[in-house]
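Quick notes on the structure that follows.
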Amino acid sequence: MKTETTIQGLNAALAPARIARKTIGFVATMGNLHQGHLNLVREAKKLCDLVVVSIFVNPIQFGPNEDFDNYPRTLEADSHLLADVGCDVLFAPTIQQMYGDHERKTTVSVHGITDILCGQSRPGHFDGVATVVTKLFNIVQPNTAFFGQKDWQQLAIIRAMTRDLNFSIDIVGVPITRAEDGLALSSRNAYLTAEQRQTAPVIYQALTTAQQQLQQHTDLQQVLAQIDLTLVNAGFVVDYVKAYTPDLLPVTQFDQDIVLFIAAKLGSTRLIDNLLVKFSD
Ligand code: PAF
């Protein structure tokens, strides 16, 4: 595996593949990799000739009181894990390499679906994500990019942006990787105390119970209220419990596919999860 820290170096590393018209798969990450990320790389390996993974803790997607400074930076361990799963090129740029010294005058904003769910409690977050992903798409120029369904809203935003800005990139959503007890894998799980880690799977249990209730035609608002109560009783501070269509539109019909979304805090750790409830075949 090659590791490149500059755009120039990355271009040189990818030049032979581009000339040979090999397909390039891309996985964007902020590092501190777990099996969820590695499954994105495995999926990319299946579908593409060559896989590029970026590790970049993107400052502009963190709010002033968020965990940018403390975000775990584990480049050496990450690069071993990536080499083991067959990543071809690791792109690990510095902030200076990505944003330069000049004042940034361009922000990519996706409208309509960025001010709901996580966008409500993290203002500006998705502008930061859309801007860095646009830059990474332009730098890597992949044929296919792979994103986890754990960040369903992020995936929907990237799909909309890719379509609106005419990127010739296929976006593949990869199912959530869960621990045996159902907790969705996330770099932020590392912040949980042992006790909180025991409680955390309640999120997934609440989602699966809700899925069953909805499939038995229990009223949606009642199901959402029940999830909220379950989380509060387990000691979470709930940010939101919501349902939208897979494209993040309001649910209007009672037999359409919906996604249940949860964001809730255990202590100072904010966890998110979601579950697709299918009514169509
Ligand atoms: O999902 C993430 O880790 C980040 O939001 C991403 C897509 C790498 C952009 O910084």
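Filter segment 161-186 down to the residues that are buried (at least 18 other Cβ atoms within 10 Å of the Cβ) and polar (S, T, N, Q) and list them by number. Residues satisfying the conditions are T162, T177, S186.
For segment 65-82, residues that are away from the ligand (no atom under 12 Å from the Cβ), modelled with pLDDT of 95 or more and either touching a Pro at 6+ places or on another chain (Cβ under 9 Å) or assigned to a loop (DSSP other than H, G, I, E, B) (or both) total 3. Taking (1) closer than 19 Å to L50 by Cα; (2) outside any loop (DSSP other than H, G, I, E, B) in turn, R163 satisfies each apart from (1). Taking the conditions (1) β-branched (V, I, T); (2) more than 11 Å from the ligand (Cβ to nearest atom); (3) surrounded by 18 or more Cβ atoms within 10 Å (Cβ to Cβ) in turn, I158 satisfies each one other than (2). Pairs linking a residue in segment 134-162 that is among the small types (G, A, S) to a residue that is buried (at least 23 other Cβ atoms within 10 Å of the Cβ) and not in a helix (DSSP H, G or I), with Cβ atoms under 8 Å and 6 or more positions apart or on different chains, are A145/G25; A145/F26; A145/V27; A145/A28.
For segment 1-30, give me each residue that is within 13 Å of the chain's Cα centre (by Cα) and touching a residue at least 60 places away in the same chain (Cβ under 8 Å). Spell out the reasoning first.
Kept after step one, since they are within 13 Å of the chain's Cα centre (by Cα), are these residues of segment 1-30: 27-30.
Passing the criteria: V27, A28, M30.
Can you find even one residue in segment 142-152 that is more than 30 Å from R18 (Cα to Cα) and not in a helix (DSSP H, G or I)? Within segment 142-152, not a single residue is more than 30 Å from R18 (Cα to Cα) and not in a helix (DSSP H, G or I). Taken across segment 167-175, residues that are in contact with a Leu (Cβ under 8 Å, 6 or more places away or on another chain), at pLDDT 95 or above and over 30 Å from N138 (Cβ atoms) do not occur at all.
Do we have any residue at all in segment 236-253 that's closer than 25 Å to R159 by Cβ, touching a residue at least 40 places away in the same chain (Cβ under 8 Å), aliphatic (A, V, I, L, M) and in a helix (DSSP H, G or I)?
No, segment 236-253 contains no residue that is closer than 25 Å to R159 by Cβ, touching a residue at least 40 places away in the same chain (Cβ under 8 Å), aliphatic (A, V, I, L, M) and in a helix (DSSP H, G or I).
The values are calculated or read from the model by the stated rules, or taken from the named source; none is laboratory data. Quick caveat: nothing in here was measured; it's all calculated off a predicted structure. Neighbour counts are summed over all protein chains in view; Cβ atoms, including those assigned to glycine, are modelled from backbone coordinates with ideal geometry.
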